[in-house]
There are 2 protein chains.
Amino acid sequence: MQREKKLNFLADRVKKSGGDPIILEISVGKEVGWADISISDVLSKVGKTTEEVFSLDRGKAADIVIEGAKRLVLELYEKNEIDGIVAYGGSMGASIATSVMRALPVGFPKLMLTTMAAGDISPYVGTKDICMMYPIAEAGLNKVTRRILNNAAACVVGMANSPDLDDIAEKPLIGCMMFGVTTPCVLRASKYFESRGYDVIINHAVGSGGRSMEELIGDGLISGVLDITTHEIGDYLLGGVLSAGPDRLTAAGDIGIPQVIAPGGLDLINFGPKDTVPEEHLSKTHLPGKGLYIHNPTVTCVGVSPDEASLIAEHIAEKINRAKGPTAFCIPMRGWGACDLSEPNKDLGWAGPDPGPVWVSDPEKPERSLRSRKFARTLLDKVDLEKSNVDILIVDKHLNEPEFADLMSELLEEMLTGRWKKGSHHDLSYIVHLEEL
Amino acid sequence: MQREKKLNFLADRVKKSGGDPIILEISVGKEVGWADISISDVLSKVGKTTEEVFSLDRGKAADIVIEGAKRLVLELYEKNEIDGIVAYGGSMGASIATSVMRALPVGFPKLMLTTMAAGDISPYVGTKDICMMYPIAEAGLNKVTRRILNNAAACVVGMANSPDLDDIAEKPLIGCMMFGVTTPCVLRASKYFESRGYDVIINHAVGSGGRSMEELIGDGLISGVLDITTHEIGDYLLGGVLSAGPDRLTAAGDIGIPQVIAPGGLDLINFGPKDTVPEEHLSKTHLPGKGLYIHNPTVTCVGVSPDEASLIAEHIAEKINRAKGPTAFCIPMRGWGACDLSEPNKDLGWAGPDPGPVWVSDPEKPERSLRSRKFARTLLDKVDLEKSNVDILIVDKHLNEPEFADLMSELLEEMLTGRWKKGSHHDLSYIVHLEEL
């Protein structure tokens with residue numbers, strides 16, 4: 001009753017603001033009977049009935065409602081039948097509604113009104129442009145809540161009517177992943193593109209950054225990817241805290257945009273304070289390449305062993321084999337970040353006095369990394385090199401050396417301008433050939 | 001340069017959405033030179049110059065910028081020269097801008113764009129209706145940020161143009177403070193008002209709730225206050241965790257609206273898990289009225305001693321003496337909440353088998369609370385009873401007894417309808433007179 005009054009008031013104010021409201025029901029306990037799109041309609045999208053779903057515990061019911069509502073809302077979006085989404089609810093309502101909102105592309109107007117919006121909103125916002133608004137009062141329609149609901153309606157209708165941006169000459173956008181240990185490479189590569197008429201968006205490879213990049217690519221906002229920093233994959237596979245989930249390094253391949261990739265930061269697994277590092281890693285820090293690196297009291301890293309690197313290569317190979325667009329993977333043989341250096345070098349990020357804490361020399365060629373060799377061998381072995389859109393370049397440089405950033409940049413620019421062919425840049429003096437590995 | 005481009009773009013999109021942007025500068029390090037209202041103008045509101053302020057550390061500089069910007073923006077608001085506020089910044093910018101926004105009344109459009117809006121936003125939102133929007137990208141103008149800034153501009157202009165609510169017959173709004181231990185009283189009193197054509201807004205007395213209530217009153221949204229639950233004042237004075245700051249119980253008095261007050265919950269000081277209770281309290285739980293009450297693993301309470309209650313009464317008396325409107329304080333002599341009962345009574349909130357954990361009998365009249373007597377004596381002593389707008393009623397009931405809720409409700413209704421006079425309801429059989437204390 002309370003809910004009906006509040007939501008009908010919100011819908012009415014949407015109408016008064018010039019919008020055309022459709023009330024979509026996301027109940028998990030009881031069908032309300034007054035929604036434009038009922039919970040039965042929502043559940044039918046996933047072949048379920050209210051009887052089946054309402055008998056489950058609320059958490060499980062919510063998961064099914066989310067799945068059905070996502071499909072229904074995405075259909076409406078694709079048919080151009082909706083121009084914005086606004087929801088009002090408590091923690092359960094906010095959880096369901098924002099899950100649906102997060103499935104919609106960046107720029108599509110999204111507004112969540114909830115008393116949850118005065119605390120930690122990360123579970124609701126994720127990495128999307130969801131407006132979160134605190135309605136102050138928890139229950140009932142009154143002088144306070146009416147003003148706020150009136151504003152909310154005007155806000156979402158305003159966004160839905162936002163003047164279009166067609167008059168602005170957009171530069172193509174390059175997506176780039178960064179972390180402290182790969183900064184020199186990223187900054188040089190992004191300058192390369194900015195000086196050539198591109199915009200560059202740089203995300204931090206801390207989990208949310210990688211997820212957001214995959215979403216931006218999926219939304220069609222990115223023209224090409226400089227995936228310099230990929231340790232979120234290592235953290236996903238080896239239990240680190242900066243995982244971006246299983247879908248990292250898939251969106252560019254799925255939609256077929258150019259990507260140039262490097263194993264930046266993949267020499268490290270990232271954890272919180274030292275006492276949170278799992279024993280299985282802490283007990284191995286004496287082994288080659290598994291060194292401990294305490295960055296600060298809240299960030300502790302452990303090296304990736306050559307065998308672990310090989311595992312990661314196997315995982316990456318599967319993803320590369322599925323890529324539909326031009327894809328080059330560049331492997332620097334002299335280290336993958338600031339902690340992975342055979343000797344101190346301030347320009348490359350490690351002041352010393354010792355070698356980088358996770359450096360592991362290749363006994364056959366001590367200036368090269370054993371981790372790199374194992375990784376490269378597995379990648380070359382598992383990637384389908386018959387594919388004309390996929391190339392692997394083994395580079396006798398450190399990731400943070402200027403030549404490496406330039407190599408990645410030039411490859412991506414060739415791809416973006418349609419000039420790239422498999423084998424490009426293999427003639428450089430510092431490219432290592434298969435037989436030398 | 002980046003900042004200039006981004007903010008000018010935002011201002012331009014406000015214009016394209018039909019708004020008239022004014023750029024207000026809140027820099028803490030360097031004057032930008034292109035703002036409509038410069039940081040010098042802002043600082044002049046508090047008699048400071050950029051030279052003085054920019055030489056301070058950033059935290060101190062920010063405090064001064066906030067103070068100046070608040071005054072300037074409130075002046076613009078009072079002169080009807082602004083209809084909404086939107087800001088874009090990092091953690092420092094968000095901190096300054098939202099401090100200014102929080103000074104504006106509920107319903108005034110407020111939008112903060114910041115990458116901080118994907119985590120804990122409580123420091124920014126406080127208890128106000130600030131829209132928080134996550135801009136995804138951290139730096140630069142590009143295809144992603146332009147879309148989001150375009151939406152932000154349309155959002156704030158939309159809210160500023162929201163259709164007015166004059167067509168809606170607003171009921172007068174009663175503000176009411178609740179906590180678990182006072183629920184029976186609050187629910188009965190709010191039903192009383194709802195059945196008589198009022199709306200009731202119930203806030204939880206957990207600190208933010210009390211602050212929000214004071215703000216709503218200050219914004220002129222509340223017609224009368226049923227301040228049944230006031231332990232936020234005890235927590236403020238005695239070190240509990242549910243403090244609402246020094247200004248609790250002041251707004252109604254300042255603007256002169258009717259208020260009827262009770263010491264609901266003031267028998268308890270509230271803490272987190274048991275191991276967070278300060279030793280000074282934990283060491284006294286054997287003393288009369290100081291009993292320990294473990295509500296759940298995260299909420300632990302300690303009783304308020306009769307002497308502590310007297311201290312609280314002194315503090316409250318000062319606030320009541322400053323009140324400009326009709327003010328009645330009702331003191332129940334048989335307990336102030338569910339934990340403050342001489343014997344188990346399920347209707348009043350305590351199942352037993354023992355007396356309530358913080359109950360302390362008056363040796364002279366064991367059915368009454370010694371805490372109540374000490375509190376009442378101090379209040380009667382310190383409140384200026386010459387004032388015709390202030391009354392104190394000593395009631396031989398428990399706070400959760402229906403007669404007590406009805407007494408408070410009837411007094412407030414008389415005040416709201418202009419029928420109240422000091423001395424009203426003193427003729428009830430359960431009113432205790434001064435000489436009996």
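The values are calculated or read from the model by the stated rules, or taken from the named source; none is laboratory data. Just so we're clear, the structure is a prediction, and the values are computed from it rather than from any experiment. As a convention, Cβ positions derive from the backbone with ideal geometry for all residues, glycine included, and neighbour counts pool all protein chains shown. Please note that ligands, DNA and RNA were not included when accessible areas were found on the heavy atoms of the full protein model with its side chains. Shrake-Rupley method; radii C 1.70, N 1.55, O 1.52, S 1.80 Å.
Looking at the range B:1-20 only, could you name the residues that are under 36 Å from the mean Cα position of the chain (by Cα), under 18 Å from B:A97 (Cβ atoms) and more than 14 Å from chain A (Cβ to nearest Cβ)? Correct list: B:R3, B:L7. Within the range A:143-170, the set of residues being at the interface with chain B (Cβ under 7 Å from one of its Cβ atoms) and not in a helix (DSSP H, G or I) comprises A:N161, A:S162, A:P163, A:L165, A:I168, A:E170.
Does A:M116 satisfy the condition of being under 11 Å from A:Y88 (Cα atoms) and at the interface with chain B (Cβ under 7 Å from one of its Cβ atoms)? Considered against the rule, which asks whether it is under 11 Å from A:Y88 (Cα atoms) and at the interface with chain B (Cβ under 7 Å from one of its Cβ atoms), A:M116 comes out as no. Only residues that are at pLDDT 95 or above and either in contact with a strand residue (DSSP E or B) (Cβ under 6 Å, 6 or more places away or on another chain) or among the hydrophobic types (A, V, I, L, M, F, W, C) (or both) were counted in the range B:150-172, giving 8. Condition (residue is within 14 Å of A:H398 (Cα to Cα) and either open to solvent by 40 Å² or more (accessible area, probe 1.4 Å) or outside the structural domain of A:L226 (by TED's automatic domain parsing) (or both)) applied to the range A:353-363: is it met by at least one residue? So far as the range A:353-363 goes, yes, one or more of its residues are within 14 Å of A:H398 (Cα to Cα) and either open to solvent by 40 Å² or more (accessible area, probe 1.4 Å) or outside the structural domain of A:L226 (by TED's automatic domain parsing) (or both).
The numbered conditions (1) more than 24 Å from the chain's Cα centre (by Cα); (2) surrounded by fewer than 18 Cβ atoms within 10 Å (Cβ to Cβ) are all true for A:H281 except (2). Among all positions in the range B:206-214, there is at least one residue which is within 14 Å of another protein chain (Cβ to nearest Cβ) and part of a loop (DSSP other than H, G, I, E, B).
Among the residues of the range A:97-112, the one identified as closer than 25 Å to B:N142 by Cβ, crowded, with 20+ Cβ neighbours inside 10 Å and more than 12 Å from chain B (Cβ to nearest Cβ) is A:L104. It is to be established whether one or more residues within the range A:34-46 are under 32 Å from the mean Cα position of the chain (by Cα) and assigned to a loop (DSSP other than H, G, I, E, B). Scanning the range A:34-46 turns up at least one residue that is under 32 Å from the mean Cα position of the chain (by Cα) and assigned to a loop (DSSP other than H, G, I, E, B). State which residue is most open to solvent (accessible area, probe 1.4 Å) when the search covers only the range A:86-96 and only residues that are out of contact with any strand residue (DSSP E or B) (no Cβ under 6 Å at 6 or more places or on another chain) and not in a helix (DSSP H, G or I). Selected residue: A:G90.
Checked across the range B:288-301, the condition of being part of a loop (DSSP other than H, G, I, E, B), assigned by TED's automatic domain parsing to the domain that holds B:K397 and in contact with a Lys or Arg (Cβ under 7 Å, 6 or more places away or on another chain) holds for at least one residue.
Determine whether A:I233 is more than 14 Å from every other protein chain (Cβ to nearest Cβ), open to solvent by less than 10 Å² (accessible area, probe 1.4 Å), in contact with a His (Cβ under 8 Å, 6 or more places away or on another chain) and in contact (Cβ under 8 Å) with a residue 40 or more places away in the chain. When the stated conditions are applied, A:I233 passes them.
Taken over the range B:246-269, the criterion of being over 16 Å from B:F375 (Cα atoms) and either at pLDDT below 95 or aliphatic (A, V, I, L, M) (or both) is satisfied by B:L249, B:A251, B:A252, B:I255, B:I257, B:V260. In the range A:84-96, is there at least one residue being within 12 Å of chain B (Cβ to nearest Cβ), under 26 Å from the mean Cα position of the chain (by Cα) and under 24 Å from A:G245 (Cα atoms)? No, because not a single residue in the range A:84-96 is within 12 Å of chain B (Cβ to nearest Cβ), under 26 Å from the mean Cα position of the chain (by Cα) and under 24 Å from A:G245 (Cα atoms). Counting just the residues of the range B:119-137 that are within 18 Å of A:L113 (Cβ to Cβ) and surrounded by fewer than 24 Cβ atoms within 10 Å (Cβ to Cβ), which one comes out farthest from the other protein chains (Cβ to nearest Cβ)? The qualifying residue farthest from the other protein chains (Cβ to nearest Cβ) is B:Y124. In the range B:102-138, the residue that is farthest from A:A153 (Cα to Cα) out of those that are β-branched (V, I, T) and not in a loop (DSSP other than H, G, I, E, B) is B:T115. For the range B:171-195, the set of residues classified as basic (K, R) and either more than 9 Å from chain A (Cβ to nearest Cβ) or closer than 19 Å to B:I261 by Cα (or both) consists of B:R188, B:K191, listed by residue number. Kindly indicate whether A:S55 is surrounded by fewer than 18 Cβ atoms within 10 Å (Cβ to Cβ) and in contact with a helix residue (DSSP H, G or I) (Cβ under 6 Å, 6 or more places away or on another chain). The answer is no for A:S55. Among the residues of the range A:215-231, those that are of a type in the set (A, V, I, L, M) and not in a strand (DSSP E or B) comprise A:L216, A:I217, A:L221, A:I222.
Okay, residues lined up against (1) within 25 Å of the chain's Cα centre (by Cα); (2) in contact (Cβ under 8 Å) with a residue 40 or more places away in the chain:
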site	(1), (2)
B:G140	no, yes
B:K143	no, no
B:N150	no, yes
B:P172	yes, yes
B:F179	yes, yes
B:T183	yes, yes
B:F193	yes, yes
B:S223	yes, yes
B:I228	yes, yes
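When B:A262, B:A309 are checked against the criterion of being over 29 Å from B:P105 (Cβ atoms), buried (at least 24 other Cβ atoms within 10 Å of the Cβ) and among the small types (G, A, S), a single residue qualifies: B:A309.
Just one residue in the set B:G210, B:G197, B:G220 is touching a Lys or Arg at 6+ places or on another chain (Cβ under 9 Å), assigned by TED's automatic domain parsing to the domain that holds B:L412 and surrounded by fewer than 20 Cβ atoms within 10 Å (Cβ to Cβ); that residue is B:G197.
Of the residues making up the range A:139-189, those that are among the small types (G, A, S), open to solvent by less than 30 Å² (accessible area, probe 1.4 Å) and in contact with a Gly (Cβ under 8 Å, 6 or more places away or on another chain) are A:A153, A:A154, A:G158, A:G175. Scanning the range A:285-307 for residues that are out of contact with any strand residue (DSSP E or B) (no Cβ under 8 Å at 6 or more places or on another chain) and in contact (Cβ under 8 Å) with a residue 24 or more places away in the chain yields A:P288, A:P297, A:T298, A:S305, A:P306, A:D307.
If the condition is being under 18 Å from B:L141 (Cβ atoms) and open to solvent by 50 Å² or more (accessible area, probe 1.4 Å), then the range B:9-42 contributes B:D12, B:K15, B:K16, B:W34. Anything in the range B:364-388 that is open to solvent by 30 Å² or more (accessible area, probe 1.4 Å) and not in a helix (DSSP H, G or I)? List them, or say none. Answer for the range B:364-388, where residues must be open to solvent by 30 Å² or more (accessible area, probe 1.4 Å) and not in a helix (DSSP H, G or I): B:E364, B:K365, B:P366, B:E367, B:D384, B:L385, B:E386, B:K387, B:S388. Give the residue that is nearest to A:A154 (Cα to Cα), with candidates limited to residues of the range A:1-35 that are in contact (Cβ under 8 Å) with a residue 60 or more places away in the chain and among the β-branched types (V, I, T). Among them, the one singled out is A:V14.
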